[in-house]
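Everything below concerns the one structure shown next.
The values are calculated or read from the model by the stated rules, or taken from the named source; none is laboratory data. Note that the coordinates shown come from a computational prediction; the quantities given were computed from them, not determined experimentally. Here Cβ is always computed from backbone atoms with ideal geometry, including for glycine, and neighbour counts include all displayed protein chains.
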Amino acid sequence: MSADELKSHQNRRFRELLRWVLSRNDYYRKRFSASGLTQPDDFSSIEQLQKLPTLSKEDFRQTYPLGMCCVDKEEIREMHMSSGSTGSPVVMPYNEADIEQWAECMARCYVMAGAVPGNPVQITPSFGLFNGGFGMYHGARKAGLFVIPTGSGNTERQVRLAKDFSTKILCGVVSYTIRILEVMRAIEVELPCLKIGIFGAESFSEGMRKRIESELGIESFDIYGMTETGGVGTLGMDCPFHNGIHVWEDHYLVEILDPVTEKPVPDGEQGEVVVTSLTRQTLPVIRFRTGDLSKIVSREKCDCGRTHLRIAPIVGRTDDMLIVKGVNFFPKQVEHALLEIPGVLPHYQIVIEESEGVRDVRINVEADETVTGYMVEKHLKERLGFSPKGDVFKPGELPRQEGKAQRVFYTTREQLNSTK
Ligand SMILES: [Zn+2]
């Protein structure tokens with residue numbers, strides 16, 4: 001689609017969206033009347049989007065369970081939910097059209113990664129309230145793939161099935177893929193048919209991407225989407241040119257805003273990703289603040305031929321930025337720096353120790369015998385501008401997790417001393 005065609009398509013869908021929510025939901029009606037939008041035709045183009053208020057996770061919590069729902073409950077066919085660390089969970093209900101929309105977005109991701117009908121795809125996230133498993137399933141059905149719905153856990157069986165059924169595409173989270181790699185080595189199984197990895201839900205560094213690609217012999221893709229936007233793959237993915245994540249702009253509008261002022265930042269500058277879903281019916285979001293930090297990479301046509309804009313891989317979330325001794329950083333930057341050290345393995349923990357209001361960082365990392373704590377400390381100091389303490393563990397010593405990995409731990413020095 002040319003840029004002009006896309007724009008008029010977005011404008012049409014934007015007007016339909018406003019008409020839809022205003023005629024069906026009181027919560028939206030009240031919020032919008034304060035911005036001068038009472039009649040659907042008051043706003044005719046996406047240029048006016050910025051006059052509308054933003055939506056936050058807090059709005060989801062306040063309207064739990066179905067306060068923002070725009071269809072009759074009888075029409076709902078499925079729901080997913082993210083737990084969040086505080087307060088009520090975020091619920092996303094779907095009607096038949098929403099499941100189809102999800103399948104369409106996710107199927108595009110598979111096709112963009114190089115999948116063709118009949119390819120075996122192994123789906124390793126759990127099939128439950130977390131949206132990953134079902135989203136990857138709906139999309140795979142739509143793309144005509146052969147679904148191997150292993151879900152999470154039982155890693156040895158996972159590896160054996162991948163071998164026996166010649167899995168070509170592996171979907172899941174990066175941290176679990178590292179676990180799979182470890183088990184492959186332990187049981188001496190290789191997976192020569194595996195060519196594509198589609199990874200989401202955790203932000204991972206370029207260093208981690210390279211490590212996994214070379215060790216598994218695959219090409220990896222960074223998929224984007226979350227519970228509030230309708231699940232995995234709804235927002236987009238990087239194409240084989242790996243120069244930013246293409247956003248499915250015929251379904252979603254993306255703004256990059258300054259998290260404090262909520263004003264748009266210039267292209268190329270980092271800000272918070274704010275999303276409007278143009279085509280969801282049951283619970284569309286309008287200007288949803290994702291908390292994810294990214295920037296516009298390009299609005300120009302990509303070398304792959306797609307015209308949908310590209311955003312940078314998510315650097316982190318506004319709420320997972322760490323501040324230690326006046327230095328701001330994201331866990332992903334620590335990961336990237338660690339993996340630059342030869343002999344370091346992709347298993348690590350970032351421990352924030354607090355004592356009398358003063359924070360310190362300790363990095364626990366697995367590595368072979370050539371790596372010392374001093375080497376880790378020196379390298380991180382060069383890369384991050386502060387000096388964490390580095391503790392090197394032998395391979396296999398740090399705990400393993402089967403879902404999304406927890407990388408950051410908080411402790412007080414008092415707790416630490418009492419456990420010694
Ligand atoms: Zn592209």
- Scope segment 385-420; condition modelled with pLDDT of 75 or more and assigned to a strand (DSSP E or B); matching residues: K389, G390, D391, V392, F393, V408, F409, Y410, T411
- Does D267 qualify as being away from the ligand (no atom under 16 Å from the Cβ) and free of Cβ contacts under 8 Å to residues at least 24 places away in the same chain? no
- When every residue in segment 151-174 that is out of contact with any Gly (no Cβ under 7 Å at 6 or more places or on another chain), surrounded by fewer than 20 Cβ atoms within 10 Å (Cβ to Cβ) and free of Cβ contacts under 8 Å to residues at least 40 places away in the same chain is compared, the one farthest from K195 (Cα to Cα) is N154
- Query: Restricting attention to segment 131-150, does a residue exist that is free of Cβ contacts under 8 Å to residues at least 24 places away in the same chain and either under 22 Å from P346 (Cβ atoms) or loosely packed, with under 15 Cβ neighbours inside 10 Å (or both)?
  - Reply: no
- Which condition breaks for T124 when tested against (1) modelled with pLDDT under 95; (2) within 16 Å of the chain's Cα centre (by Cα); (3) hydroxyl-bearing (S, T, Y)? (1)
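For every residue, the table says whether it meets (1) of a type in the set (A, V, I, L, M, F, W, C); (2) crowded, with 19+ Cβ neighbours inside 10 Å.
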{"site": "H308", "(1), (2)": "no, yes"}
{"site": "R317", "(1), (2)": "no, no"}
{"site": "A337", "(1), (2)": "yes, yes"}
{"site": "P342", "(1), (2)": "no, no"}
{"site": "I350", "(1), (2)": "yes, yes"}
{"site": "E354", "(1), (2)": "no, no"}
{"site": "R359", "(1), (2)": "no, no"}
- Message: Condition first: in a loop (DSSP other than H, G, I, E, B) and away from the ligand (no atom under 14 Å from the Cβ). Now tell me which residues in segment 273-312 satisfy that.
- Response: L278, T279, R280, Q281, T282, L283, P284, V285, I286, R287, K295
- Query: Within segment 137-151, how many residues are under 20 Å from the mean Cα position of the chain (by Cα) and of a type in the set (S, T, N, Q)?
  - Reply: 0
